[in-house]
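Readers should treat all values here as calculations from the given coordinates under stated rules, not as data from a laboratory. These numbers come from a predicted model, not from an experiment. Here the Cβ positions follow ideal geometry from the backbone for every residue, glycine too, while neighbour counts run over all protein chains shown.
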Amino acid sequence: MSDLNHQLEQLHQEAAVALERATTTSETESWYHDYLGRKGKMTAILRGLGQLSAEERPLVGKRANQIKVELEAALQARQAAIAQEEMQRALSAEGIDVTMPGRRPLVGKLHPTNQAIREIVDILVQMGFQVFDSPEVETDDYNFGLLNFPPDHPAREMQDTFFATTPGLVLRTHTSSGQIHAMRKYAPEPIRVILPGKCFRNEDVTARAEMMFYQVEGLAIGRNITFSDLKGTLLNFANQMYGDGRQIRFRKSYFPFTEPSVEVDVDCVLCGGDGCRLCKYTGWLEILGAGMVHPVVLKNGGYDPAVFSGFAFGMGIERQAMNKRGVDDIRLFYSNDVRFLARA
Ligand code: DAH
C-alpha cells in the first residue's frame, strides 16, 4: 500500500510545484496534459489502483481522488490568475490613452446640386408655384416643335441635342419641354408651376458647360398676367436666393417660346457691382432666361392666346449654386471630389 501512497504524495507535491512554475495559459495546458490528462502521471496512478488489495484500494483511492480534485481546483485558480495577468500585460502594451480625442465620424451631406434644388424650389413654392414632374426622355415635339422651334430653324442649333435611337425621341435639352405637359394637363385653368430636373446637351465639357445638368423651369398662365408679374417674381426670387436688396436687370434676348424674351442678371454677390473675378468685372451675374409665353406656345398648350397670357423662366441650377458659392467650374459638381462635396 505505502508504495503507491508514497508515489501519490510525491506526485502531488511535484505537480503543485510545476503548476506554480507555469506562467502562461499554454504552459498550464501542457501541465494538464502531463498530470491530469489521459496520458498524465496522475491518471497512470489511478489506473494502478486495480492492483491493490481489497483493504488498501478504498483508502488509496479516496486519497487519490482528493488529490485529483485539489489539483483541478489549483489549475483553475492558476489559469484565472494567468488570464488576469495576460490581460494586464496586453492592456499596458497597447498603451491606450483614454484622454486622446476620438476620430470624428464622416457625416454625409446633400450634394450641392440637391441643396440648390431644395433652396430654389422652397422659395418658389412659398410664392405659390407647384412642382410639376415631366420626363427626361422627350419627343422632339415637346422639346422643340410645340415650343415654336420651326423644323430646321437655326434656333435648334442653339442646343446640341442627344437623339435617341428611336426616331423622334431626344434627351430633353431644357426643362421648357415640360411647359407643354403642364399646360395640357391643366388648360384652361390658370397655372403656376415649376419644373425642376435633369437636362442633357451634347456639348464639349468645359468649366462652363456639362453634358448633364439641372434646370428649374417656371411657368405662370392666367387671364391678366403681365411682364410686371415676371419682374416682381424674379426680383423676389433674387432677393431670397441672393440676399435682401439685390438688384436685377433685364437684357433683351431671343427664345422661340417667349416674346419678348430676356436674360436676367443679379448684381454680383461678391463685389456688389464693382467688378471682380466672379462677375468677370461686369458687376453682374447671369441667372436665367425668361419672357412672356409666345401665343403659339399658349395655343399648343390648349390656352386661347386672346384670353390668356403667361410668363416663363428657366434657370440652370448649378449656375445658381456657382454664383452663390463663388465656384467657377461646373465640372466640380460631377467629378466626385470629396473636398468640393464636403465644403459646398
Ligand atoms: N430653355 C432655356 C434654356 O435652356 C431657358 C429659358 C429661357 C426658359 C426663357 C424659359 C424662358 O422658360 O422663358 O436656355
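What to note about this one:
- Net charge of Cβ neighbours under 15 Å - reference residue 250; Lys, Arg +1; Asp, Glu -1: -1
- Between residue 165 and residue 239, the simple spin-label model (points 7 angstrom out along Cα→Cβ) gives 5.4 nm.
- Paramagnetic reach from residue 122 (point 7 Å along Cα→Cβ, amide N under 20 Å) across segment 279-315: 315
- For segment 231-319, the relative contact order is 21 percent, taking Cα pairs closer than 8 Å that sit 6 or more residues apart in sequence and dividing their mean separation by the residue count.
- The gain in end-to-end length when the residue 335 to residue 70 segment is fully stretched comes to 88.2 nm, 0.36 nm per residue minus the alpha carbon separation.
- Charge sum, other residues only, whose C-beta stays under 12 Å from residue 168's C-beta, Lys/Arg counted +1 and Asp/Glu -1: -3
- Antiparallel DSSP beta bridges within segment 112-343, percent to nearest 5: 95 percent
- The angle between the Cα long axis of helix 25-35 and the longest principal axis of the Cα atoms of the chain comes to about 30 degrees, rounded to the nearest 10.
- Database remark: amide H of residue 284 closer than 5 angstrom to the amide H of 268 (H placed geometrically; neighbours at sequence offset of 5 or more, or on other chains; Pro and chain starts carry no H).
- Efficiency of FRET from Cβ geometry, residue 91 and residue 13, R₀ 25 Å, rounded to 0.05: 0.10
- Dipole axis of segment 3-94 (+1 Lys, Arg; -1 Asp, Glu on Cβ), positive-most option in 46, 19, 35: 46
- For segment 3-94, the relative contact order comes to 34 percent (Cα pairs under 8 Å, sequence separation of at least 6).
- Dipole orientation for the chain: of the candidates 300, 338, 66, 300 has the Cα lying most toward the positive pole (charges on Cβ; Lys, Arg +1; Asp, Glu -1).
- Peptides ranked, highest mean first, by Cβ atoms within 10 Å: ranges 42-55, 221-234: 221-234, 42-55
- Kirkwood Rh and Cα Rg combined as Rg/Rh, segment 112-343: 0.96
- Theoretical ellipticity at 222 nm over the chain - DSSP helices of four or more residues, -39500 (n - 2.57) apiece, nearest 500: -13500 deg cm²/dmol
- Residue 258 long-range amide H proximity, modeled H, under 5 Å: 294
- Of the peptides 111-118, 14-21, 318-325, the ranking by mean beta-carbon count within 10 Å, highest at the top, reads 318-325, 111-118, 14-21.
- Local charge for residue 229 was computed over the other residues whose Cβ lies under 13 Å away, with Lys and Arg +1 and Asp and Glu -1, and equals +3.
- Extension gain, residue 59 back to residue 306 (0.36 nm per residue minus Cα-Cα distance, nm): 76.6 nm
- Dipole moment magnitude, nearest 20 debye, the chain about Cα centre, only Lys, Arg, Asp, Glu C-beta charged: 380 debye
- Cysteine residues of the chain whose C-beta has no other cysteine C-beta under 4.7 angstrom: 199.
- When only Cα pairs below 8 angstrom with a gap of at least 6 residues are kept, the chain shows a relative contact order of 14 percent.
- Computed extension gain for residue 100 through residue 205, at 0.36 nm per residue and net of the alpha carbon distance, reaches 33.1 nm.
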